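Chemist: The structure's right below; bear with me while I get my questions together.
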Amino acid sequence: MNRSSQLFKRACQVIPGGVNSPVRAFRNVGGEPFFVQSAQGSHITDVDGRELIDYVGTWGPAILGHAPQTVLQAVHQAINHGLGFGIPTPAEVDMAETIVSWVPSVQKVRMVNSGTEATMSAIRLARGYTHRSKILKFEGCYHGHVDSLLVSAGSGALTFGEPDSAGVPREFAQLTLTVPYNDQEAVSQVFAQYGNDIATVIVEPYPGNAGFYLPRNGFLEFLRSITEQYDSLLIFDEVMTGFRVAPGGVQQIHGISPDLTCMGKIIGGGLPVGAFGGRSDIMDCISPLGPVYQAGTLSGNPVAMEAGLAQLHELKRLDGYARLEQLGALLEEGMKQAMQSSGHSFTFYRSGSMFGLFFTEAPVYNLQDALKADKCLYKKYFWSMLEQGIYMAPSPFETGFISLAHTEEDIEATCRAAEKVFKSL
């Protein structure tokens, strides 16, 4: 028995399922998870000494790669001053100013400790601001493990039923309206029936938790228009896409200004961080200025703030988004060539350094399309790629990520491995 198996056996005795987040259990691909010893750049090394080219990247935050020196130096320097104070620090102001300057729709921002906290707080704020109770979300869009959002969720919660999780009262779920992503008609019908009671529409503008796919032309613009028509708020959950597909996220690419934006991952530099922000008049409804309560002992932690600031500044210094687009295009071209030569049906989507692969010839526009893809084939693909030294997402319902630490050689090695794997499936 290797060391990963030994650790997993021990973990199952003291941790539910042996993991601290469901997707880590490898349930969507079978088998046991491996345990990581260390990571550097584009590579991770497991506890048994196996080195892998990593396309999970801590599920998004590692946009510079693992353990970048600029972030490590910022963390070491911050630690010398203490780990946290529960008192305002200059780094919180620097981070807020940086976010506001990078994301045009955000005039004020509140730091929290996770993406789940960000979406939970943004929903509460939207309800408090509009004095309405219902929210509209999309099937397959995952917004964290918030009670009212675990309805037709993606990621590790990908199941059917209402609600998706035990422990969530049906009354909570009944305040959450769900429709298929990319379906304008369904959205219009819901607003026609409930529009005066819908506080907000929350959406992953590029869904990344039911696989990775993209909006139809005009869909996001339609959401902006109909929410304005009914005086509802529009929340973009850019925890995953924010600072990843572009400096200002998806909203920058499409030229849309949501009322509120949820952020996380990259702005923590690898440490636990989340944030939500938006128009000043909405944000000023939060305590201590307004009646919507939100708080957090560790929010704005100085070590996390310095790590995130270092990462953002390094991205800007390196003109990182141009390089990520270059690497993404190289991977996309190589993977498509490898798949085409194999004879398997596939659909591949990419935006910048985010990508998703579905084993289906049909286009994927929503959760139902994603569920029609061949999950058994993905399982074989995952384990075969792992044998070739390539770590892809351990689920067909997750997104792949490229970092600035990936090299052309990494990409070429990945595509060669993929060509071999696809022919063997």
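The values are calculated or read from the model by the stated rules, or taken from the named source; none is laboratory data. Here the structure is a predicted model, which is why all the values come from computation and not from measurement. We place every Cβ from the backbone using ideal geometry, glycine too, and count neighbours over all the protein chains shown. In case anyone asks, the SASA skips ligands and DNA or RNA and just uses the protein heavy atoms, side chains included. Shrake-Rupley method; radii C 1.70, N 1.55, O 1.52, S 1.80 Å.
Chemist: If packing is taken as the mean number of other Cβ atoms within 10 Å per residue, what is the order of 311-318, 208-215, highest first?
Modeler: By packing density, highest mean first, the sequence is 208-215, 311-318.
Chemist: Could you give the accessible area per residue of the chain, probe 1.4 Å, as a whole number in Å²?
Modeler: Value for the chain: 42 Å² per residue.
Chemist: For the stretch 321-421, run through the GluC sites (Glu not before Pro) and keep only the ones in DSSP coil with at most 11 other Cβ atoms within 10 Å of their Cβ.
Modeler: Answer in residue order: Glu361.
Chemist: Further question: Exactly which chymotrypsin sites (Phe, Trp or Tyr not before Pro) in the stretch 1-85 are in a DSSP loop and have at most 16 other Cβ atoms within 10 Å?
Modeler: Phe85
Chemist: Using the Karplus curve 6.51 cos²θ - 1.76 cosθ + 1.60 with θ = phi - 60°, what ³J(HN,Hα) values do you get for each residue of the stretch 334-351, in whole Hz, with x for Gly and Pro?
Modeler: Along the stretch 334-351, the couplings run x, 5, 5, 4, 5, 6, 5, 6, 8, x, 7, 7, 7, 9, 10, 10, 8, 9 Hz.
Chemist: Output wanted: per-residue J couplings in Hz (rounded whole) for the stretch 357-371, from phi through Karplus 6.51 cos²θ - 1.76 cosθ + 1.60, θ = phi - 60°, x for Gly and Pro.
Modeler: 3J(HN,Hα) across the stretch 357-371, in whole Hz: 10, 10, 8, 7, 8, 7, x, 10, 10, 7, 4, 4, 5, 5, 5.
Chemist: Right, next: Just from its helices, what would the mean residue ellipticity at 222 nm be for the chain, if runs of 4 or more DSSP H residues each count -39500 (n - 2.57) and the sum is divided by every residue, rounded to the nearest 500 deg cm²/dmol?
Modeler: Calculated at 222 nm, the ellipticity per residue is -11500 deg cm²/dmol.
Chemist: With a ≥ b ≥ c taken as the square roots of the eigenvalues of the C-alpha gyration tensor of the stretch 33-143, please select rounded if a/c is under 1.5 and otherwise prolate if a/b is larger than b/c or oblate if it is not?
Modeler: Cα axes put the stretch 33-143 in the oblate bin.
Chemist: Work out from phi, with θ = phi - 60° and the Karplus expression 6.51 cos²θ - 1.76 cosθ + 1.60, the ³J(HN,Hα) of each residue of the stretch 51-61, listed in order in whole Hz, and give x for Gly and Pro.
Modeler: Computed from phi, the couplings for the stretch 51-61 are 9, 10, 6, 9, 10, 9, x, 6, 6, x, x Hz.
Chemist: List the trypsin sites (Lys or Arg not before Pro) in the stretch 241-313 that DSSP assigns to loop (not H, G, I, E or B) and whose Cβ has at most 12 other Cβ atoms within 10 Å. Which are they?
Modeler: none
Chemist: Could you work out the relative contact order of the chain? I mean the mean sequence separation of Cα pairs under 8 Å and 6+ apart, divided by the number of residues, in percent.
Modeler: Answer for the chain is 22 percent.
Chemist: If amide hydrogens are placed 1.01 Å from N in the peptide plane, which non-local residues have theirs closer than 5 Å to the one on Ser133?
Modeler: For Ser133, the qualifying residues are Ala199.
Chemist: Would you pull out the residues with amide H under 5 Å of Val273's amide H, same chain only if 5 or more places away, H placed 1.01 Å from N?
Modeler: Lys265
Chemist: Let a ≥ b ≥ c be the square roots of the eigenvalues of the Cα gyration tensor of the stretch 344-405; is it rounded (a/c under 1.5), or, if not, prolate (a/b larger than b/c) or oblate?
Modeler: Because a/c hits 1.5 or more and a/b fails to exceed b/c, the stretch 344-405 counts as oblate.
Chemist: May I ask you to give the percent of accessible area on the chain that is carbon plus sulfur, with a probe radius of 1.4 Å?
Modeler: 51
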